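Student: Here it is, the structure in full.
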Amino acid sequence: MIGPNSKRSAQAQIAAQGEPMVWLSGGMFAIACLMILSLLAFVLWQGLWTLWPRNYSIYTRNDGSLVGGELYSKHFQDGQNKLYLRVGNYDVSNRHFAYVSSLELADQKPWADPDLWLVERKEWGNLYGFPKELSWTKTTQDHFADQVTQGMRETAKIDRQLAQAKNELKRIDGDIAEARLKIRRVELAEKVDLQRAVESGSVEGLSPAAKRAIEQLADRNRRADDAMVQINERIAELEAKRSGRSILFELPIAQELGTLTAPWSELSAGKLRDVQAVAKLIGVESNASAPAISVEPVGKELLLCKVAVEDQSIRRLWIRRLGETTCSVSGFQEHTILLADVVRFFPTNRLGLFQRLGVYAGRWWEFLSGAPREAGMEGGFFPAIWGTVVMTIIMSMAVMPFGVLAALYMREYAKRGWLLSLIRISINNLAGVPSIVYGVFGLSFFCYIVGGYIDGGPKKAGFEPWPSAVWFSALGLLALLSLVAFAVAVLSGQAEARRSPLRSMLRWAGGLLWLATLAGIVWLLIKSPHFQGFYQAQLPNPTFGKGCLLWAALTLALLTLPVVIVATEEALSAVPNSLREGSYACGAGQWQTIHRIVLPYARPGIITGFILAMARGAGEVAPMMLVGAIPLATDLPLDGEFPFLHGSRSFMHLGFQIYSLGFQSQNSEAAKPMVYTATLLLLAIVTLLNQTAIWLRANLRKRFQSSQF
Amino acid sequence: MNRLKAIADGQTIESVIHQEVLARETVVSIRDFSLFYNRKQALYNISMPIVKGMVTALVGPSGCGKSTLLRSVNRMNDLIESVRIEGDMLLNGESIFAPSVDVIQLRKRMGMVFQKPNPFPMSIFENVVYPLRIDGQRDKRVLMQVCEQSLRGAALWEEVKDRLYESGLSLSGGQQQRLCIARAIASDPEVLLLDEPCSALDPIATGKIEDLIDRLRGEYSILIVTHNMQQASRISDHTAFMYLGRLVEMAETSTIFTRPTLSETEDYVTGRFG
C-alpha cells in the first residue's frame, strides 16, 4: 500500500520529516545558552563595574537643595527616572547610597566640579569634598596631592610605630594570660584553689609547682607594670602626633548662610559687586586685600561662586535666585578628617582614562590583597580568599587519601557482589545529600562531640566515663580481641587455604573482628576516666569545641568524599584490562600492578575528580555557616605566628561572605555592589579550578593514548 | 563415525597424539587438565606435551578453548573468580597447580604476549625492563644490558635504539607487539606463550613477527595460539588441533597439514569446515 499515492496522516508526515523537533530542540538549546550567557554577563558587568571610578555629579533639587553622588545605576519606573547615587560622606549624611527621582530635580544635567576630590577612608566610607586646609603645612590647590602623599607616608611611619607598641602590649598580656593558665593547670591537677594565694602572694604550704606558677605570675605582673607605663606613654605621644595631621574639607552639603541683595541678571553675567557682603557672609574680615570673587552658572537658577581669600585658599558658595534681586547664599559644610584615615584620594572628576584605569587597578589590588574595612563593605577580601583557599587545601588533603584508597579497594580488591553494589549505590546517593545536612552533622559531631572531647575529655563531650577498674579490664579484653583478629587475618591470607570455603569464612570473620576491634578502640576512648582533654585549663572557652577551620575542612571532606570516590572509580575502571593482564603475566603482584601500571594510567582521571571536588568544596556555603565561617575574623587561619596553621580558629569564607555581606549586614543595600564583585571572584576561582581540571585531563590523557594502531 | 559430532554430543573421545611428538623432551606437559567456568566446562581432560626449544601451535575454531588452555599455563585464569580446575601441568617437571606454588614466581618463569599489543604507559626502556623492575633490580648497567639484549632478541633494537626513553605508545602497532615480545623475553622465560600475536596487525607487521618467532625457535620453547592455518604451517614445528574444549589431534606440523591421521583434522586444516 505504501507508494507515492499512499496517504499518510499529517501527524505521521510531520514525524517522518522531523523538522519541528529540530526547531524545538534547537530553540531549547538557544534558551539554555541565553540563560548561561546572561548569568555570566550580569555577574561580569556588575562585578567589574563596581570598582570603576565614576564622576561625582551634583544635582539641584526643585527646592534648591543639592544632592551629589556617583551614579551607580539609573532605571525607569512610574514615569520617572530613578537615579541610584552613591552619596558618600556617611558621617554627615548618614547614608552611603540614595535614590533620587528625576521629577525632584530642577535641572537634569548634573554639574561635575573638577576641583572635587574623592577620599577613600578607613572608616565611614568615601568622602567627597573640596580640600581646604592641611593642618600640618600650608598648601595651595596645586600642591595638595603631593603634600597629602608626603603626609600619608609620614603618618604610615607613625602607624607602624604605634602597631609595634601595641604588639608589645599584646605580648605582655599574652605572657600574663599564659602564667594564669599555668596556675589553672596546677589547680586542676592538684584540685586546690589558688585564688587566695594569688591575691595575697603568700605561698606557704603549697606544692613546688604551685609556688613556681604563682611566683612566675607575680614576677610577670611586676615587670609588665613597668613596661606598660613606658609603652603607654609612647603610644600617647604617637597618637598625639597622628591626630595632629588632618585635612579640612568642604563637603558639598549646603548650609544656609543668609541672603544677598543683587540683581540676578548681574550675577549670571559673572559680576558680583558687593564683595564686602559676601566676605561677611563667609566670615572673612574685610581688609585691604579684598577677596577676589568669580562666579559661574551651574544651573538655570543656581550659581557657583568661588572666593579666593588672601592665602590663596578658595571658599565656595552657592547662590540661588529667590526673586528678582534677592538671592540665598549657602556655603559648604566643613569637615575634618585625620590623615591617618585616608586610604586613597584623587580628583575624581578630573581623571583621564589612564588615571581611571590606575585607580581601578589599585582598587582591584586592594580588593584581592587587603583586609576588610567597614564590616566588609569596603576594602579587601583577602582574609576571605585566604580562608577559603586554606580550608579547601586542608579539605583536599583530608579527602584525597580516603577517597582514592577507598575507591582503589572497591575497584581492585573487593569481591564483586551485592554488598559492594549496595555500598556503591549508597555512595552515589551520598553525593546528592543536601549540603546543609553535612553542616548539621559537622556541628553536632565534629564541633560538639569530637571538639568537646579534645577540649575537656569524655565528660565535656557528653559521655559518662567508666570507673578505672572496669576500663582497664575492657582494655585487656580489647587487646585480646585485636590479637584474635590479627591471627584470623593472617590465617585467611595463607596460600594453603586458597579457594576453600574455610578461607572465605575466615575472611568474613577477620573483617568482622577488625571492625569490632575498631569499635572497641573508639568505645574505650569515649569511656576513658583518665583523659581530661588537652584544653581543660581554657574552659569554659572552647578551643576545638566550636566551629573552626579544622572541622569545616573535615565536614567538607566528608561532603566531597563521594565525588572523589566516584571519579577515582571511573578512572580506575577506564584502565584497560589488557594492561593489568600484561603486568600480571610479567610476574607482578597485585599491588605492584596497581602501583606501577593502574595508578599512573588513572592519574589524570583521579586528579580531575580531585579538582572537581575542590571546586565543589570551595563554593559550598551552607555547611560553612554552621561549622566555622564568620563574617569578620581578626586572625588569619594560616599566618607567620607559631604554629602557623591554626586549626581551632574561625575563619572568613568567600561564599559565606557574599551571603552575610549582602543579606545580613547592617547596611546591606550599600554592600550590594561589593557582593557582585565577590560573586565574580568566587565564580572566577571555581571556573579556574574547573578549567584546570579540563586542561589537565586533556594533557595527561594524551600521554597515555596510543598514537596509532 | 564423525568424532566432531561425537564431541558436540558430549561424548568423550581419545586424543590422537603422534609418537614423534611424545618422543621429544618436553618443557610443559599438560596432564589430564580440565577447566570450568562455574558449572560450564571449557576444557576436557587435555593431556599434551609442549616440546622444548620448538614452536607448538594451537589451532581450532573459535571458542574451542585454545586461549583458555594457553592462559592456564601461566595461571592467568586465576584472576577470574569463577574458574575451577582439575588435573595438573608440569613446568620442567614441577607442578604448576599444586597449592604450595607461588603464582607470582611461577609467572616470572614464563613470558606472555597478548592479542592486542599492550605496552605499558611508560618509556620503551621501562617497558622492556619491567619484569626486572618488579624484582627490585636497580643496577642501571644490568637493566641497560637486558634491555638491549631483549630488544635485539625481538628485532626491535635497530628501530628504537635512539629513542629508548620515548613512550612505548609512540610506536606503531607492529613495533608495539615486538616490544611486548621483548618484554616477555626480558626475564629469560622457560616458555613463551603467544596468544594470537598477529591478529591485530597488518600483513607486513605480521611477517616481521613471524620472522621473529622463527629466529626465537631453538632458543625459547614457544606455545602459540593462532587462527591462521597458513601461519601455523609456516612457523610451527608441532600443531595441536582442538575442538570444543577437547584436544583432537597433535603431531608434527607437516604431518598435520599433509597426512593427518584423522579425516576431521584434514577437513579443518584444508578449510572444509570451521
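Student: Dividing the convex hull volume of the alpha carbon atoms of region B:182-224 by its residue count, what do you get in Å³ per residue? Provide the component values of the computation, followed by the final result.
Tutor: Working: hull volume 2.9 nm³, N = 43.
Hull volume over Cα atoms, normalised by residue count, gives 68 Å³.
Student: Hey, can you rank B:237-243, A:593-599 by average C-beta count inside 10 Å, highest first? Mind showing how you got there, number by number?
Tutor: Details: B:237-243: 25.6, A:593-599: 19.6.
Going from most to least packed, we get B:237-243, A:593-599.
Student: Taking the Cα-to-Cβ direction at residue B:31 and at residue B:84 and moving 7 Å from each Cα, how far apart do the two end points lie in nm?
Tutor: Output for this residue pair reads 2.2 nm.
Student: Can you compute the helix-only [θ] at 222 nm over chain A? Use -39500 (n - 2.57) per DSSP H run of at least 4 residues, normalise by all residues, nearest 500 deg cm²/dmol. Please report the intermediate quantities before stating the final value.
Tutor: Details: 22 runs with 382 residues, N = 709.
For chain A, the value works out to -18000 deg cm²/dmol.
Student: How many partner chain Cβ atoms sit within 10 Å of a residue's Cβ in peptide B:125-136, on average, as a whole number? The partial results should precede the final answer.
Tutor: Details: counts 0, 1, 1, 0, 0, 8, 5, 1, 4, 9, 4, 0.
Other-chain Cβ atoms within 10 Å of each residue's Cβ, averaged: 3.
Student: Please work out the Cα center distance from region B:196-270 to region A:215-235, rounded to the nearest Å.
Tutor: 98
Student: Please give the per residue volume of the convex hull enclosing the alpha carbon atoms of region A:593-635, rounded to a whole number of Å³. Present the calculation step by step, with values, prior to reporting the outcome.
Tutor: Numbers: hull volume 4.9 nm³, N = 43.
About 115 Å³ per residue, rounded to a whole number.
Student: Round to a whole angstrom and tell me the spacing of the C-alpha centers of region B:1-20 and region A:617-676.
Tutor: Comparing the Cα centres of region B:1-20 and region A:617-676, I get a distance of 81 Å.
Student: Continuing with the same structure: Please say if region A:316-440 is rounded, prolate or oblate, where rounded means a/c under 1.5 for a ≥ b ≥ c the square roots of the C-alpha gyration tensor eigenvalues, and otherwise the choice is prolate for a/b larger than b/c and oblate otherwise?
Tutor: Values: a/c = 4.60, a/b = 3.38, b/c = 1.36.
Verdict is prolate for region A:316-440.
Student: So what's the projected area for region A:393-497, the Cα convex hull averaged over all directions, in nm²?
Tutor: On the way: hull surface 42.6 nm².
Computed as one quarter of the Cα hull surface, the answer is 10.6 nm².
Student: What are the equivalent ellipsoid semi-axes of region B:1-146, built from the alpha-carbon gyration tensor (square roots of five times its eigenvalues), in whole angstrom, biggest first? The partial results should precede the final answer.
Tutor: Values: eigenvalues 218, 64, 49 Å².
One finds semi-axes of 33, 18, 16 Å for region B:1-146.
Student: I've got another one for you. Please identify the longest segment of chain A free of exposed GluC sites (Glu not before Pro), where exposed means a DSSP state other than H, G, I, E or B and no more than 14 other Cβ atoms within 10 Å. Mind dumping the intermediate values first?
Tutor: Values: sites that count: A:123, A:204, A:285, A:310, A:324, A:641.
Longest gap between qualifying sites, sites excluded: A:325-640.
Student: Could you check the simple spin-label distance between residue A:25 and residue B:215, using points 7 Å along Cα→Cβ, in nm with one decimal?
Tutor: With each label placed 7 Å out from Cα toward Cβ, I get 5.4 nm.
Student: Counting pairwise Cα distances across region B:69-132, what percent come out greater than 13 angstrom?
Tutor: Details: 1414 of 2016 pairs.
Tail fraction, whole percent: 70.
Student: Under 1.5 on a/c is rounded, so check that first for region A:608-703, then, if it is not, pick prolate when a/b is larger than b/c and oblate when it is not; a ≥ b ≥ c are the square roots of the alpha carbon gyration tensor eigenvalues.
Tutor: Working: a/c = 2.61, a/b = 1.43, b/c = 1.82.
In terms of gyration-tensor shape, oblate.
Student: With axes computed from alpha carbons, what is the tilt in degrees of helix B:173-185 against the longest principal axis of chain B, rounded to the nearest 10 within 0 to 90?
Tutor: Result, in degrees: 90.
Student: Which FRET efficiency value, to the nearest 0.05, is calculated for residue B:101 and residue A:695 with the Förster distance at 45 angstrom and r the Cβ-Cβ distance?
Tutor: Step by step, r from the Cβ atoms, then E = 0.40.
Student: Any idea what the dipole of region A:583-671 comes to, in debye rounded to 20, about its Cα centre with Lys/Arg Cβ at +1 and Asp/Glu Cβ at -1?
Tutor: Working: 4 positive and 5 negative charges, 110 e Å.
Computed about the Cα centre, the dipole is about 520 debye.
Student: Using the number of other C-beta atoms within 10 angstrom as an exposure proxy, rank A:586, A:33, B:64 with the fewest first.
Tutor: Details: A:586 28, A:33 10, B:64 23.
Starting with the residue having the fewest Cβ neighbours, the order is A:33, B:64, A:586.
Student: So what is the calculated 222 nm ellipticity per residue for chain B, using -39500 (n - 2.57) for each DSSP H run with n of 4 or more, over all residues, to the nearest 500 deg cm²/dmol?
Tutor: Values: 12 runs with 100 residues, N = 274.
Computed mean residue ellipticity for chain B: -10000 deg cm²/dmol.
Student: Just tell me how shielded A:576-584 is by partners: mean number of partner chain Cβ atoms within 10 Å of each residue's Cβ, no decimals. Mind dumping the intermediate values first?
Tutor: Details: counts 3, 2, 6, 5, 2, 7, 13, 6, 9.
The per-residue average across the peptide is 6.
Student: Right, here's the next one. Kindly state, to the nearest 0.05, the FRET efficiency for residue A:163 paired with residue A:61, given R0 = 41 Å and r defined as their beta-carbon distance.
Tutor: On the way: r = 45 Å, r/R0 = 1.10.
Taking R0 as 41 Å, the efficiency between residue A:163 and residue A:61 is 0.35.
Student: If you place +1 on the Cβ of every Lys and Arg and -1 on the Cβ of every Asp and Glu, how big does the dipole about the Cα centre of region A:94-200 come out, in debye to the nearest 20? It would help to have the intermediate numbers written out before the result.
Tutor: Details: 18 positive and 19 negative charges, 114 e Å.
So the magnitude is around 540 debye.
Student: To the nearest 10 degrees, how steeply does helix B:203-216 sit against the main Cα axis of chain B, on a 0 to 90 scale?
Tutor: The angle comes out at about 90 degrees.
Student: Report the FRET efficiency, 1/(1 + (r/R0)^6), for residue A:75 and residue A:423, where r is their Cβ-Cβ distance and R0 is 51 Å, rounded to 0.05.
Tutor: On the way: r = 55 Å, r/R0 = 1.08.
Calculated transfer efficiency: 0.40.
Student: Moving on to the next point. Once each part is reduced to its C-alpha centroid, what is the distance from region A:384-430 to region A:554-603 in angstrom?
Tutor: 13
Student: Same structure again: Work out Dmax and Rg for region A:71-147 from the C-alpha atoms and quote the Rg first, both in angstrom.
Tutor: 16.0, 52
Student: In addition: Evaluate the Debye formula for region B:26-108 with equal point scatterers sitting on the alpha carbons, no solvent, and hand back log10 of I(q)/I(0) at q = 0.15, 0.21, 0.24, 0.26 Å⁻¹, in q order, two decimals.
Tutor: Each listed q maps to, in turn, -0.53, -1.06, -1.36, -1.54.
Student: Name all residues of region A:526-554 having a backbone nitrogen under 14 Å from the label point set 7 Å from the Cα of residue A:180 along its Cα→Cβ direction, giving them as ranges.
Tutor: Of the residues in region A:526-554, A:537-541 have backbone N under 14 Å from the label point off residue A:180.
Student: Would you compute the Debye intensity of the protein assembly as shown from its alpha-carbon atoms alone, equal scatterers and no solvent, and pass along log10 I(q)/I(0) at q = 0.07, 0.09 Å⁻¹ to two decimals?
Tutor: Cα-only, vacuum Debye calculation for the protein assembly as shown: -0.90, -1.12.
Student: Relative to the Cα centre, what is the charge dipole magnitude of chain B, using +1 at the beta carbon of each Lys and Arg, -1 at the beta carbon of each Asp and Glu, and rounding to the nearest 20 debye? Each step should come with its number before you reach the end.
Tutor: On the way: 31 positive and 34 negative charges, 84 e Å.
It works out to roughly 400 debye.
Student: Mind checking which helices in chain A clear 27 Å along their axis (Cα) and have mean Kyte-Doolittle hydropathy of -1.0 or more, DSSP H runs only? List each step's numbers first, then the result.
Tutor: Details: long enough: A:19-50 (46 Å, 1.51); A:144-190 (67 Å, -0.74); A:208-243 (50 Å, -0.95); A:382-408 (38 Å, 1.90); A:468-492 (36 Å, 2.21); A:501-527 (39 Å, 1.15); A:549-573 (35 Å, 1.76); A:599-619 (29 Å, 0.82); A:668-703 (52 Å, 0.49).
In chain A, the long hydrophobic H runs are A:19-50, A:144-190, A:208-243, A:382-408, A:468-492, A:501-527, A:549-573, A:599-619, A:668-703.
Student: How compact is region A:153-204 by the rule of thumb for globular proteins, expressed as Cα Rg over 2.2 N^0.38 Å?
Tutor: Numbers: Rg = 18.1 Å, N = 52, 2.2 N^0.38 = 9.9 Å.
Cα Rg divided by the expected 2.2 N^0.38 Å: 1.83.
Student: Still on this structure: Could you state the angle between the C-alpha long axis of helix B:124-134 and the longest principal axis of the C-alpha atoms of chain B, as a value from 0 to 90 degrees rounded to the nearest 10?
Tutor: 70
Student: Write out the trypsin sites (Lys or Arg not before Pro) in region B:123-226 meeting two conditions: DSSP loop, and at most 13 other Cβ atoms within 10 Å of their Cβ. List each step's numbers first, then the result.
Tutor: Details: sites: B:133, B:138, B:140, B:141, B:152, B:161, B:163, B:178, B:183, B:208, B:215, B:217; in loops: B:138, B:161, B:163.
Answer by residue number: B:138, B:161, B:163.
Student: Return the distance in nm (one decimal) between the two label points of a simple spin-label model at residue A:324 and residue A:445, each offset 7 Å from Cα along Cα→Cβ.
Tutor: Taking the simple label geometry, residue A:324 and residue A:445 are separated by 8.9 nm.
Student: Right, something else. Please compute, for peptide B:109-119, the average count of beta-carbon atoms on other protein chains lying within 10 Å of each residue's beta-carbon.
Tutor: Details: counts 1, 3, 3, 6, 2, 5, 1, 5, 4, 11, 4.
Counting Cβ atoms of other protein chains within 10 Å of each residue's Cβ and averaging gives 4.
Student: Let me check I have the definition right: for chain B, take the eigenvalues of the Cα gyration tensor, multiply each by 5, take square roots. What are those semi-axes in whole Å, largest first?
Tutor: Working: eigenvalues 213, 89, 52 Å².
Values for chain B, descending: 33, 21, 16 Å.
Student: Taking just the alpha carbons, could you work out the radius of gyration and Dmax for region B:82-209, both in angstroms?
Tutor: Spelled out, the Cα radius of gyration and Dmax of region B:82-209 are 15.8, 49 Å.
All of the numbers you see were taken from the coordinates with simple rules; none came from a lab. Just so we're clear, the structure is a prediction, and the values are computed from it rather than from any experiment. Note that we place each Cβ from the backbone using ideal geometry, even for glycine, and neighbour counts take in every protein chain shown.
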